[in-house]
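One structure is given below, encoded as structure tokens.
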Amino acid sequence: MYKGAEFGELSPHPFAMADRAYRLMMNYGTSQAILVSGESGAGKTESTKMLMQYLAFMGGKVESDGRSVQQQVLESNPVLEAFGNAKTVRNNNSSRFGKFVELQFDQNGKISGAAIRTYLLERSRVCQISDPERNYHCFYMLCAAPPEDRERYKLGDASLFHYLNQSNCIKLDGMDDSSEYIATRRAMDIVGISSDEQDAIFRVVAAILHLGNVEFSEGSEADSSVPKDDKSQFHLRTAAELFMCDEKSLEESLCKRVMVTRGESIVRNLDSRAAALSRDALARMVYSRLFDWLVNKINTTIGQDPTSKLLIGVLDIYGFESFKTNSFEQFCINLTNEKLQQHFNQHVFKMEQEEYTKEEIDWSYIQFVDNQEILDLIEKKPGGIIALLDETCMLRNSNHETFAEKLYQKFKDNPHFSRPKFSRSDFTIHHYAGNVTYQTDLFLDKNIDYAVNEHQDLLHASTSPFVSSLFPPSEESTKSNKSTKFTSIGSSFKLNRTTLHALHKA
Ligand SMILES: Nc1ncnc2c1ncn2[C@@H]1O[C@H](COP(=O)(O)OP(=O)(O)OP(=O)(O)O)[C@@H](O)[C@H]1O
Ligand SMILES: [Mg+2]
């Protein structure tokens, strides 16, 4: 119905939008970008899939082996959703990463290649979830796999695993994890992930679950730690088996840390609390490397067409979020949406209206709220919230209350910032989409992303070529300086502007 129909003639539909983008590209030879926006649960991901379905229909080539580019692009969705989507309060299938898909077309308007770029996955979810949310779908799928697979990966019921049972929600209405497991495997086949690779991937997923069940108690030396009991020892052993690394080295990488001062390395014990944090950092690191591997693999098998001059890009990000309690993740996601809104304002309102004025076209101005001041509040350097957070993270003896105090003082007269009544450490930002109150309790911990060298070395030495390849020797560890590197997640979000560059290009 929508194919070739005049835009606006039929009722609004993603197909109408996709048809328009395709026609503009073909008729004028200009690349297009479609930006899907809306708050969490609005339907961005579903709409994106329809857009891609339509473009695949218009630009699809008939191929005999059933693995056409368009089919691979469509099947990349279930794979990425299995590893990057999860149930939140707002949406049972909430995207926890951003995605920009670029479809490349040849001169005849047929799809000749595609590239998928993803933006920071929410890593904290791997080790920490709260009721009634869930961890990433793939964990539950694997726990609901056929018995022979569960045995292979040494898994039982999902409710046995700490990373999953922190929330009471294990099953989702209308989603059958065991059939999703089969469907994900099939989609992996189509996008070109071999069965050996699939096996290696699921071993890692299972290893993460076992790792999460390792608890620590005080060791014999002061401030040291050891696996708590036989059960923890069992999970440690199983995790090591699945990662194909040495069990003792795994234990040491969790319970000890090598410090380098003035060229000398000293092995320091970690207490049980620090060991548990080290365990969670390892789990998050492995999972995010796994996710990046998947994206890379999909890009390699689909293949790019370097000669293509006609592109259609589709951007689907994590939507604006406002929950009862909002932490650092919501802060980052809302910053992304705030930036996208600005891009939209810039193009749709400012530039269009300037154009009309220049051409002296009579036109009634649309009032819009410029959100530059909110962006300044968050990301101005120096002095914005992220800069203050990074500063606080690097200071000794600082905590979330000192961070909040800094914000209260600095922004007491800022119209986009307020301190909720009676609150000691919460703050509210008046976003373009509404007010959101953030709880700062975990902001510092979550902003610091330690790449621990011991973890890196341990997994690089894995006898599984797959695991080893997820941890290529880093520049840091080849240098003599073996200190632990601090990266600010907040600043990485700020730097994640490639999306906008890609949109500009289009
Ligand atoms: N066109 C549609 N028809 C039927 N159901 C839909 C449609 N769009 C969305 N839904 C329903 O709403 C749910 C949420 O949609 P979707 O996952 O696309 O939201 P989103 O905007 O991508 O949210 P997030 O920002 O959390 O990723 C879907 O799982 C589906 O149940
Ligand atoms: Mg989504």
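Odds and ends about this structure:
- Those residues of the stretch 176-192 which are farther than 15 Å from LEU294 by Cβ and either assigned to a loop (DSSP other than H, G, I, E, B) or assigned by TED's automatic domain parsing to the domain that holds SER68 (or both), in sequence order: ASP176
- Some residue of the stretch 358-365 being modelled with pLDDT under 85 and within 30 Å of LYS410 (Cα to Cα): no
- Given (1) buried (at least 19 other Cβ atoms within 10 Å of the Cβ); (2) not in a loop (DSSP other than H, G, I, E, B), number of the condition GLU321 does not satisfy: (2)
- Hits in the stretch 119-141 (condition: surrounded by 21 or more Cβ atoms within 10 Å (Cβ to Cβ), free of Cβ contacts under 8 Å to residues at least 60 places away in the same chain and either in a loop (DSSP other than H, G, I, E, B) or aliphatic (A, V, I, L, M) (or both)): ILE129, ARG134, ASN135, MET141
- Given (1) within 16 Å of ligand 2 (Cβ to nearest atom); (2) basic (Lys, Arg); (3) at pLDDT 95 or above, number of the condition ARG90 does not satisfy: (3)
- Given (1) over 27 Å from GLN342 (Cα atoms); (2) surrounded by 20 or more Cβ atoms within 10 Å (Cβ to Cβ), index of the condition ALA5 fails: (2)
- Close pairs from the stretch 306-321: first under 12 Å from ALA114 (Cα atoms), partner within 11 Å of ligand 2 (Cβ to nearest atom), Cβ under 6 Å, at least 6 apart: VAL314/THR48
- Within the stretch 28-65, the set of residues being over 30 Å from GLN341 (Cβ atoms) and free of Cβ contacts under 8 Å to residues at least 40 places away in the same chain comprises PHE57, VAL62, GLU63, SER64, ASP65.
- Considering SER278, SER288, the condition of being open to solvent by less than 70 Å² (accessible area, probe 1.4 Å), among the polar types (S, T, N, Q), more than 16 Å from ligand 2 (Cβ to nearest atom) and within 15 Å of the chain's Cα centre (by Cα) is satisfied by SER288 alone.
- Scan the stretch 81-95 for residues that are over 13 Å from LYS44 (Cβ atoms) and buried (at least 21 other Cβ atoms within 10 Å of the Cβ) and the total you get is 6.
- All conditions but one from (1) open to solvent by less than 20 Å² (accessible area, probe 1.4 Å); (2) within 16 Å of ligand 2 (Cβ to nearest atom); (3) in contact (Cβ under 8 Å) with a residue 60 or more places away in the chain; (4) not assigned by TED's automatic domain parsing to the domain that holds GLN32 apply to ILE116; the one that does not is (4).
- Across the stretch 304-314, a minimum of one residue is classified as under 26 Å from CYS138 (Cα atoms), within 16 Å of ligand 1 (Cβ to nearest atom), outside any helix (DSSP H, G or I) and touching a strand residue (DSSP E or B) at 6+ places or on another chain (Cβ under 6 Å).
- The listed residues are GLU46, GLU9, and the only one of them that is away from ligand 1 (no atom under 14 Å from the Cβ) and acidic (Asp, Glu) turns out to be GLU9.
- Note on the stretch 455-496: enclosed helices (runs of 4 or more DSSP H) holding 1 or more residues that are under 22 Å from the mean Cα position of the chain (by Cα) and at pLDDT 95 or above are 465-470.
- Residues that are surrounded by fewer than 17 Cβ atoms within 10 Å (Cβ to Cβ) and among the charged types (D, E, K, R), drawn from the stretch 175-193: ASP176, ARG186, ASP189
- A search for C-beta distances below 7 Å between a residue of the stretch 174-187 that is farther than 15 Å from ALA158 by Cβ and any residue that is in a helix (DSSP H, G or I) and not polar (S, T, N, Q), counting only pairs 6+ apart in sequence or on different chains, returns ALA183/PRO78; THR184/PRO78; THR184/VAL79; THR184/ALA82; THR184/MET141; ALA187/GLU75; ALA187/PRO78; ALA187/VAL79.
- Against the numbered list (1) more than 16 Å from ligand 2 (Cβ to nearest atom); (2) open to solvent by 30 Å² or more (accessible area, probe 1.4 Å); (3) closer than 26 Å to GLN198 by Cβ; (4) modelled with pLDDT of 95 or more, GLN166 comes up short only at (3).
- Test: residue in the stretch 142-150 that is in a loop (DSSP other than H, G, I, E, B) and crowded, with 16+ Cβ neighbours inside 10 Å: yes
- Qualifying residues in the stretch 39-62 (those that are within 10 Å of ligand 2 (Cβ to nearest atom) and β-branched (Val, Ile, Thr)) - the one most open to solvent (accessible area, probe 1.4 Å): THR45
- Search result, residues across the stretch 1-27 that are among the aromatic types (Phe, Trp, Tyr) and either free of Cβ contacts under 8 Å to residues at least 40 places away in the same chain or assigned to a loop (DSSP other than H, G, I, E, B) (or both): TYR2, PHE7, PHE15
- Candidate set from the stretch 88-115 (those that are of a type outside the set (D, E, K, R), in a loop (DSSP other than H, G, I, E, B) and away from ligand 1 (no atom under 14 Å from the Cβ)); member that is nearest to GLY38 (Cα to Cα): GLY109
- Subset tally (residues that are away from ligand 2 (no atom under 16 Å from the Cβ) and either open to solvent by less than 40 Å² (accessible area, probe 1.4 Å) or farther than 29 Å from TYR140 by Cβ (or both)) for the stretch 63-80: 9
The values are calculated or read from the model by the stated rules, or taken from the named source; none is laboratory data. Quick caveat: nothing in here was measured; it's all calculated off a predicted structure. When we count neighbours, we look across all protein chains shown, and the Cβ atoms used for this are built from the backbone with ideal geometry, even at glycine. Note: accessible area is taken over every heavy atom of the protein model, side chains too, but ligands, DNA and RNA are not part of it. Shrake-Rupley method; radii C 1.70, N 1.55, O 1.52, S 1.80 Å.
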